[in-house]
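Right, one structure below, let's go through it.
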Amino acid sequence: MPNPLGGKDGGGSDARFFTTQKKGEMHELRQELHSMEKNAKVDAVKKVIASMTVGKDVSMLFTDVLNCVQTGNIELKKLVYLYLINYAKSQPELTLLAVNTFVKDANDANPLIRALAVRTMGCIRVDRITEYLCEPLSRALRDEDPYVRKTAAVCVAKLYDIAPDLVQERGFLEVLHDLISDSNPSVVANGVAALSEIAETSGRDVMKISAGVLQKLLAALNECTEWGQVFILDSLAKYTPADGHEAEGIIERVTPRLQHANSAVVMSAVKVILSYMEIMGGSSGAASSDPLRNLTRKLAPPLVTLLNSEPEIQYVALRNINLIVQKRPMILENEIKVFFCKYNDPIYVKMEKLEIIIKLVSEKNIDQVLLELKEYATEVDVDFVRKSVSAIGRCAVKLERAAERCIGVLLELIQTK
């Protein structure tokens, strides 16, 4: 977990704030919070946040911490806002005392403070705060600084969660649509992320991608952060191209994402390409035309590369690959070897690999697969052995010509046990 105090993790300078509290320290903290010295006040709030982080109740210091918010020091302001977000639900009446500060900070000359005020108001999930949030949020969405605009976009999604009617009344959804045409790619990505979250919450398609919006999304794709790319790609996957030619054009722009270092970006790009392949005329497992054959060849290497990641990422990738090979086994028909289990694979990874091996087995590779499955059947893990023996039977059912060879392997296993 990242250190909320901004110090170095593990043995950094702020670790001292997490030491065990002494008796009567609350009284000492209260005095330090009222100190006239800036550094002493910052250290006091850090101690309060440290106590809060380890689960101690420091709500009795609410008013004292709140008084520290009237400062030009960004570090101190961030710490106080962090405290307010944590205790706003249990002390809603007292949180209203901070509203004037939020409104004032939302008009500050410093864009970091403007964004911080809007973000904090969005995170304080108290109904009575929302009515004060609308005006600053409306200004922030049209702010000259892109950092403030992108922060405000995420805040709209948070506000929709608490007061959906208010978001629609104030026209915030329309402003989010305008942000998709923003000149800054980070603002575009956050606008898409906010609309995606609202669509998920409401169950309605609020994205409405037009031809103009589509070009803006594709342009932002090359410049925004990796998580921004994931949101944009997921939105593209829900878009239905007019024809095969348009689908091919979008795929061409998305294909470079298959080489991305982030596995989430790779999987989102694969999702877009697979859904558009349907429109290009490849609804069956076979790749009938040249463009589809080329795409099939391009999809295999990134999927195989995902299997060199950590076990948890491997598992998620394997679950997705399992679905892909059900629809298009052609993509990985020559890559069955990469799904052979390694001795140090966790059991959940081995089980998923077995499922994929069964789906990719063919008369060309059955002998190789049977040798592998025979080896798995002598492993220590009982569940994995059962699954391996069952897999041999499923191969026999799937490939009639290889049924005798499968039965032969099963008989050998009976004799060795």
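Per-atom-type breakdown for the range 122-233 gives carbon and sulfur 46% of the accessible area (1.4 Å probe, protein chains only). Our coupling estimate for the range 146-159, obtained by passing each phi through the Karplus curve with A = 6.51, B = -1.76, C = 1.60 and θ = phi - 60°, is x, 5, 5, 5, 5, 5, 5, 4, 5, 5, 4, 5, 5, 5 Hz, Gly and Pro reported as x. Across all Cα pairs in the range 30-107, the calculated P(r) in 10 Å bins from zero up to the longest distance comes to 19, 57, 24, 1 percent per bin. Helix 366-376 and the longest principal axis of the C-alpha atoms of the chain enclose an angle of approximately 60°. The simple spin-label model puts a point 7 Å past each Cα toward its Cβ; for Ser390 and Lys38 those points are separated by 6.6 nm. Applying the Karplus relation 6.51 cos²θ - 1.76 cosθ + 1.60 with θ = phi - 60° to the range 122-132 yields 3J(HN,Hα) values of x, 7, 7, 8, 10, 3, 6, 6, 4, 5, 7 Hz, where x marks Gly and Pro.
Which translational diffusion coefficient, to the nearest whole µm²/s, is obtained for the range 168-326 from the Stokes-Einstein equation, given a Kirkwood hydrodynamic radius over C-alpha pairs, 4 °C and 1.567 mPa s? For these conditions, the coefficient is 79 µm²/s. Each Lys or Arg adds one and each Asp or Glu takes one away; over the other residues whose Cβ falls under 14 Å from the Cβ of Leu141, this sums to +1. Volume of the convex hull of the range 338-403 (Cα atoms only), normalised per residue: 73 Å³. Site pair Arg319 and His27 shows an inter-label distance of 5.4 nm when each label is modelled 7 Å from Cα along Cα→Cβ. Sequence-ordered 3J(HN,Hα) estimates for the range 228-245 from the Karplus curve with 6.51, -1.76 and 1.60 and θ = phi - 60° stand at x, 4, 4, 5, 5, 5, 5, 5, 5, 5, 8, 7, 9, x, 5, 7, x, 5 Hz, glycine and proline given as x.
Modelled this way, with points 7 Å down the Cα-to-C-beta line, the labels at Arg297 and Glu226 are 2.8 nm from one another.
Over the range 120-169, the alpha carbon radius of gyration divided by the compact-protein estimate 2.2 N^0.38 Å works out to 1.04.
Other residues within the sphere of radius under 10 Å centred on the Cβ of Asn73, judged by their own Cβ, net out at +3 (K and R +1, D and E -1). Using only Cα coordinates, the Kirkwood hydrodynamic radius of the chain works out to 25.6 Å. The aspartates and glutamates whose alpha-carbon is closer than 20 Å to the alpha-carbon of Lys38, local same-chain residues fewer than 8 away aside, are Asp14, Glu25, Glu28, Asp64, Glu75, Asp105. With N as its number of residues, the range 154-226 has a Cα radius of gyration that, divided by 2.2 N^0.38 Å, comes to 1.06.
Size of the range 274-417 from its Cα atoms: along the principal axes, largest to smallest, the extents are 52, 37, 17 Å.
Using bins of 5 Å that start at zero, the share of Cα-Cα pairs per bin across the range 27-166 amounts to 2, 10, 22, 21, 20, 13, 8, 3, 1, 0, in whole %. Put simply, the C-alpha atoms of the range 224-263 give a gyration tensor, and the ellipsoid matching it has half-axes of 20, 12, 6 Å, longest first. Annotation: for a label point projected 7 angstrom from Cα along Cα→Cβ of Asn100, residues of the range 57-84 with backbone N closer than 12 Å are 70. Round to the nearest 10 and give me the degree value, 0 to 90, for the angle of helix 74-87's Cα axis relative to the longest principal axis of the chain. Helix 74-87 sits at roughly 70 degrees to that axis. Here the convex hull built on the C-alpha positions of the range 83-213 has a volume of 97 cubic angstrom per residue.
The values are calculated or read from the model by the stated rules, or taken from the named source; none is laboratory data. Bear in mind the structure is a predicted one, so any value in this text is a computation, not a measurement. Note: ideal-geometry Cβ built from the backbone for every residue, glycine included; neighbour counts use all protein chains shown. Accessible surface is based on the protein model in full, side chains and every heavy atom, while ligands, DNA and RNA are left aside. Shrake-Rupley method; radii C 1.70, N 1.55, O 1.52, S 1.80 Å.
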